[in-house]
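See below for the structure under consideration.
Bear in mind that the values in this text are calculations on the coordinates, not laboratory data. Remember, predicted model here, so these are calculated numbers, not experimental data. Note that each Cβ is placed from the backbone with ideal geometry, even for glycine, and that neighbours are counted across all protein chains shown.
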Amino acid sequence: MEPEAGNELEVEGVLNPAVTQGPDGELYIFPRLVAKNNFSRIGIARVKFNEIGDPVGVERLGVVLEPEMDYEKRLNGAGGCEDPRIAYVACVDHYIMTYTAYGPQGPRIAMARSKDLFIWERLGLVCFTPYEDVDFNGIDNKDASFFPIDLPSPHQHRSLGMLNRPLFPKTRPEEIVQNDDIHENDQPKESIWISYVNLKKGNDTSLENARFTSHHCLAHPEYAWENLKIGGGAPPILTKHGWLLVYHGVQKHEECTKDQPAFYYSAGAMILSEKKPQKILYRSPEPILIPDLPEERIGTVGNVVFPTGTDRRDDIGQPNRIDVYYGMADNKIGVAKMEIPDRLPEN
């Protein structure tokens with residue numbers, strides 16, 4: 001998918017989509033549509049396939065969310081409903097969308113829910129309990145997604161787990177580069193965290209006024225290809241080995257300087273324990289997808305592949321095939337396929 005000629009809603013790009021199968025069995029994609037002045041909406045389109053089952057294009061169907069609430073709009077007239085992820089969460093009987101609401105305080109995680117993928121009800125900003133002496137509600141956060149089923153929390157409560165990436169002060173790659181690569185803050189570099197919300201008894205599935213707690217840092221930047229930061233990508237998907245998380249990692253570009261920071265965004269894979277997702281069973285030491293095509297190297301932000309959606313191909317009898325949908329250089333949307341091996345490689 002690429003910006004449609006003459007479409008003012010897409011003049012600055014289509015990127016970073018959520019992907020999910022609808023109640024009708026069709027596959028739907030929810031791209032971030034960027035208009036002039038970085039004004040972002042979330043669209044909806046139906047994925048089109050060729051005769052052998054490969055995705056080849058989309059049919060645009062409109063817009064599902066645009067900045068309307070105070071927490072989505074900024075004083076200069078800009079605003080953002082950005083980078084959605086969607087999971088059908090069985091225990092609350094809704095599709096849950098997490099997205100970045102770019103409002104006056106900076107990027108924050110917001111939620112919406114839907115029964116049919118076309119009509120969405122906002123649930124507001126995600127609310128966190130404090131972590132040690134850090135107010136999670138007072139810092140930027142992005143890249144959130146839900147596990148599709150209820151899980152036991154670290155305290156063995158029946159809960160929903162949400163991946164997220166709190167952005168602690170002085171931990172952005174640009175700040176690290178400008179500080180001679182010295183990471184002064186005691187907080188970890190931008191990392192992937194899990195937070196939980198305890199499920200109420202009965203049929204209350206609104207998630208309104210929910211407070212996420214039991215925060216746990218799942219993974220820090222570890223390998224060279226992701227040594228500046230990592231963040232969640234597509235929502236976790238259950239495989240025969242455990243929960244597959246296709247995520248992004250960032251390293252410096254060889255032409256990076258203090259005055260002109262430049263980075264590579266690549267994709268990697270983790271497998272998390274099915275019953276205890278805080279436990280990492282496998283993590284790819286090398287990226288599984290790098291910026292290589294011209295559309296990935298040249299764009300609004302060059303050298304970026306940014307995975308945000310996956311589709312397990314049960315529909316064509318290939319449950320070990322995972323199609324990965326991703327942003328290309330913050331301008332277009334690409335798709336790649338991966339195969340789940342019979343055995344996990346040794347780290």
Just from its helices, what would the mean residue ellipticity at 222 nm be for the chain, if runs of 4 or more DSSP H residues each count -39500 (n - 2.57) and the sum is divided by every residue, rounded to the nearest 500 deg cm²/dmol?
-500 deg cm²/dmol
Given the options HIS241, GLY77, TYR282, identify the residue whose Cα lies farthest towards the positive end of the charge dipole of the chain (+1 on Cβ of Lys, Arg; -1 on Cβ of Asp, Glu).
HIS241
In region 252-333, GluC sites (Glu not before Pro) in a DSSP loop with at most 10 other beta-carbon atoms within 10 Å
GLU254, GLU255
In nm, the gap between the two label points placed 7 Å beyond Cα toward Cβ at SER273 and GLU255 is 4.6 nm
Which of LEU218, LEU15 comes first, and how do the rest follow, when ranked by fewest Cβ neighbours within 10 Å?
LEU218, LEU15
What does region 1-149 give for Rg and for Dmax, in Å, if only its C-alpha atoms count?
15.9, 56
Give me the distance between the Cα centres of region 252-307 and region 2-66, rounded to whole Å.
22 Å
Would you order CYS81, CYS217 from fewest to most other beta-carbon atoms within 10 Å of each residue's own beta-carbon?
CYS217, CYS81
Could you pull out the pairs from LYS73/LYS115; LYS200/LYS275; LYS73/LYS229; LYS73/LYS276 whose alpha carbons sit more than 30 Å apart here?
LYS73/LYS276
For region 261-339, shape from the Cα gyration tensor axes a ≥ b ≥ c, cut at a/c of 1.5 then a/b versus b/c, turns out oblate
Short version: ³J(HN,Hα) in whole Hz for each residue of region 309-325, in order, from phi by Karplus 6.51 cos²θ - 1.76 cosθ + 1.60 (θ = phi - 60°), x for Gly and Pro, what are they?
x, 9, 9, 7, 8, 4, 5, 10, x, 10, x, 8, 8, 10, 8, 10, 9
Diagonalise the Cα gyration tensor of region 8-339 and give the resulting equivalent ellipsoid semi-axes, square root of 5 times each eigenvalue, largest first, whole Å.
26, 25, 22
Among the DSSP beta bridges whose two residues both lie in the chain, what percent are antiparallel, rounded to the nearest 5?
95 percent
Could you tell me the relative contact order of region 8-339? Use alpha-carbon pairs under 8 Å, at least six residues apart, and round to a whole percent.
13 percent
Return GLU121, GLU82, GLU8 ranked ascending by Cβ neighbour count within 10 Å, so the fewest neighbours appear first.
GLU8, GLU121, GLU82
